[in-house]
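Worksheet for the structure shown next.
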């Protein structure tokens, strides 16, 4: 995939470029907002990673200008600000996701992959099926091999979030933000305990733990 | 104190302006009185002369010159001080009576100066206002009176005003200087104190005179402000000391373990483990910084603009459901007593984090088997959110301290956490104008947030 990175911090940019390239992406890098905007306007990238604070043209302005030009390019904001309001501002300006510095590379990679896959899960399906696990989004019920599984609302949301992103690594922070709408980092292992409850209900083989990164649900399970 | 400084002082300028205003008004008053008094007197004299002339013309009309002379003679006999001067002369200019000079005999007013008649100041001539009345046969009647006295009275008025004004203005200026000096001295004292504080002597305070006037009150207010600033500076210094100390410890640990890894690690697995533990250590430090920044942001109050009505009952229920599995996993029991449909105005995200911090605090610092109770109840005009446990509690002396940044109760020093969780709760409570308290749960710790305004 073609990714455009607009970031003025040289070390960080090199680190991101190296990491994404290792993971099979092609990365273009711009160090200034205005040159980043020109590159993004060419329309040949699949994802834009943009810092909030940039020389010449800040990230918010860049993304607003892109959106005014009807660009649908998925945008991931990076921010040093890490403030409470900055995330809302970033998303309101047309960003699709927001990541505060400093971050673990695995976190960035999981979000990049999620954004790159986004078009495939858009639309509103009425049910999601993964192997013998079926989720009815209208009745809000889950069955496995035809047997109904009783889930609490939060467990349902958690499973839905994972099932909408099959074969993708979903980090703990993504779950906290996406399922709970929590934008802080609890010291307690609430995600882990909920995942383990979910596993005990739907079977421990479905949700895999990806060491150091997060969780993943497999679309096509290998035969046991 | 130099005179020039005094003359430039605000209080002296005020006095000077006041004296100026007073002078102008005295001037106007004096002019007005002068004008009214002299014009009144003058018209009174003229009225008298005119009446006299009319009466004498009638005498003449009745009996000619002899009758007129007789009437004048009668008037002369009864002459008192301030009586009138009479003169009659014929068409040839020959005087039949009196000694006023001859003028062309046309009806009207003329002014003469004549020899002094005794009531003038030394060396001045008498000033006469004279009404000329032509009579039949070419005779001419002149009736006059001393009008110099009008002018004299007027100047007396002006002189009196002049003296009064001079005296008053002198007193005003002297009083102004006196008062200005006093005010000036006290302002100087404030100034000197401020200068001393700028120079670095923060303990200096403005001296007070002990009288409850405005300057003394100002001094008291400024002193209170200085006290507050001193205590803020003190706490700031304290916090930065704590930050330095709290970061030195994990950084020291990190350095030691890295050094040790560099010396002893041989296999890739070992180096992997060393790196992982270093990353964990660094994450802890970053967490601490994140929490410090977050507290600063909450304390700035900018979040208040995002306040909206939120049903606290739902929020608390939701957070409790989220944390219940973790509490149970820690071997504790979570009880909830949540009154439904209680709403306040506030910031959802911050309130969620506060409650999460309170629950995590209970999980981290109480032993297995502890019962943690979250309750939310509506009082008459407030809503109380309470997180209580029946663990070991916190000694009374330390209860208020636990909300301070980096404060950690001695026995929990080894537990995880950065000592900022409850500080965030305190900042959020402050932002919501909620009263935060820690009390004895007998046994255990009970932390309550009292939101004063229900929405």
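FYI, it's all coordinate maths here, none of it is from the lab. From a predicted model like this one, the values you see are computed outputs, not experimental measurements. Positions of Cβ are backbone-derived with ideal geometry, glycine not excepted, and every protein chain shown enters the neighbour counts.
Kindly list the residues of segment B:133-175 that lie in the label zone of residue B:96, defined by a backbone N under 19 Å from the point 7 Å along the Cα-to-C-beta vector. Taking a point 7 Å out along Cα→Cβ of residue B:96, the residues of segment B:133-175 whose backbone N falls under 19 Å are B:133-144. Against chain B, whose longest principal axis comes from its Cα atoms, helix B:312-329 is set at around 30 degrees.
Okay, helix-only estimate at 222 nm for chain A: each DSSP H run of n ≥ 4 adds -39500 (n - 2.57), divide by all residues, round to 500 deg cm²/dmol; what do you get? Each step should come with its number before you reach the end.
On the way: 8 runs with 86 residues, N = 224.
It lands at -11500 deg cm²/dmol.
Calculate, in whole percent, how much of the Cα-Cα pair population of segment A:154-212 lies beyond 17 Å. Considering segment A:154-212, 33 percent of its Cα-Cα pairs are separated by more than 17 Å. Diffusion coefficient (Stokes-Einstein, Kirkwood radius over C-alpha pairs, 10 °C, 1.306 mPa s) for segment B:237-361: 87 µm²/s, rounded to a whole number. One quarter of the surface of the convex hull around the alpha-carbon atoms of the protein assembly as shown equals 61.4 nm², the direction-averaged projected area. Residues B:229, A:53, B:449, arranged from fewest to most other Cβ atoms within 10 angstrom of their Cβ, appear as B:229, A:53, B:449. Averaging Cα coordinates gives a centre for segment B:249-282 and one for segment B:181-222; these two points are 59 Å apart. When chain A is treated as a GNM with alpha-carbon contacts under 10 Å, the residue of A:20, A:12, A:66 showing the greatest mean-square fluctuation is A:12. Dividing the helix sum by the residues of chain B, where each DSSP H run of 4 or more adds -39500 (n - 2.57), gives a mean residue ellipticity at 222 nm of -20500 deg cm²/dmol.
For the peptides B:421-432, B:129-140, A:136-147, the ranking by packing is B:421-432, B:129-140, A:136-147, with the highest mean count of neighbouring Cβ atoms within 10 Å listed first.
Mind pulling the per residue volume of the convex hull built on the Cα atoms of segment B:214-298? Å³ is fine.
Numbers: hull volume 6.0 nm³, N = 85.
Measuring per residue, one finds 70 Å³ for the Cα hull of segment B:214-298.
Work out the mean other chain Cβ neighbour count within 10 Å for the residues of A:178-189 and drop it here as an integer.
Details: counts 0, 1, 5, 4, 6, 3, 10, 7, 10, 12, 13, 4.
Other-chain Cβ atoms within 10 Å of each residue's Cβ, averaged: 6.
Label point of residue B:317 set 7 angstrom out along Cα-Cβ; within segment B:370-397, amide nitrogens under 15 Å from it belong to B:375-378.
Here the Gaussian network model covers chain A, with springs between Cα atoms less than 10 Å apart; of A:166, A:125, A:74, A:125 fluctuates the most. Size descriptors for chain A: radius of gyration and Dmax over Cα atoms are 18.7, 59 Å. Going by alpha carbons, how many degrees (0 to 90, nearest 10) lie between the helix axis of A:190-202 and the longest principal axis of chain A? Computed tilt is about 40 degrees. Remark: relative contact order (segment A:2-121) = 23 percent; criterion is Cα-Cα distance under 8 angstrom and separation of 6 or more residues. Under a 10 Å cutoff between Cα atoms, tell me which one of A:207, A:149, A:49 has the largest fluctuation in the Gaussian network model of chain A. Comparing A:207, A:149, A:49 in the GNM, the peak value goes to A:149.
Placing a pseudo-label 7 Å from each Cα along the Cα-to-Cβ vector at residue A:141 and residue B:174 gives an inter-label distance of 10.7 nm.
So how tilted is helix B:148-199 from the main axis of chain B? Cα-based, degrees 0 to 90, rounded to 10. Helix B:148-199 sits at roughly 10 degrees to that axis.
Ranked for footprinting exposure by Cβ neighbours inside 10 Å, fewest first, B:87, B:221, B:373 give B:221, B:373, B:87.
Counting only other chains, what is the mean number of Cβ atoms within 10 angstrom of the Cβ of each residue in peptide B:318-325? Provide the component values of the computation, followed by the final result.
Details: counts 4, 4, 0, 4, 11, 4, 2, 10.
The per-residue average across the peptide is 5.
The gain in end-to-end length when the residue B:194 to residue B:345 segment is fully stretched comes to 50.1 nm, 0.36 nm per residue minus the alpha carbon separation.
In the frame of its principal axes, segment B:1-89 has Cα extents of 86, 20, 19 Å, reported largest first.
If you plug the beta carbon distance of residue B:109 and residue B:13 into 1/(1 + (r/R0)^6) with R0 = 51 Å, you get a FRET efficiency near 0.50.
For residue A:85 and residue B:185, what is the calculated FRET efficiency with R₀ set at 35 Å and r taken between the beta-carbons, to the nearest 0.05? That gives a FRET efficiency of 0.10. Counted by neighbouring Cβ atoms within 10 Å, the residues B:126, A:192 run from fewest to most as A:192, B:126. Inverting the pair-averaged 1/r between distinct Cα atoms of chain B gives 33.0 Å as its Kirkwood hydrodynamic radius.
Which whole number gives the average count of other chain Cβ atoms within 10 Å of the Cβ atoms across peptide A:149-159?
Working: counts 0, 0, 0, 1, 2, 4, 0, 0, 0, 0, 0.
Averaged over the peptide's residues, the number is 1.
For segment B:337-455, what is Rg from Cα atoms divided by 2.2 N^0.38 Å, rounded to two decimals?
Numbers: Rg = 13.9 Å, N = 119, 2.2 N^0.38 = 13.5 Å.
Against the compact-globule rule of thumb, the ratio is 1.03.
The alpha carbons of segment B:220-264 stretch over 66, 8, 5 Å along the principal axes, in descending order. Only Cα sites of segment B:321-386 enter the Debye sum here, all with the same form factor; the resulting log10 I(q)/I(0) across q = 0.17, 0.21, 0.22 1/Å is -0.65, -0.92, -0.98, listed in q order. From the Kirkwood radius over Cα pairs of segment A:2-121, Stokes-Einstein at 25 °C and 0.890 mPa s returns a whole-number translational diffusion coefficient of 176 µm²/s.
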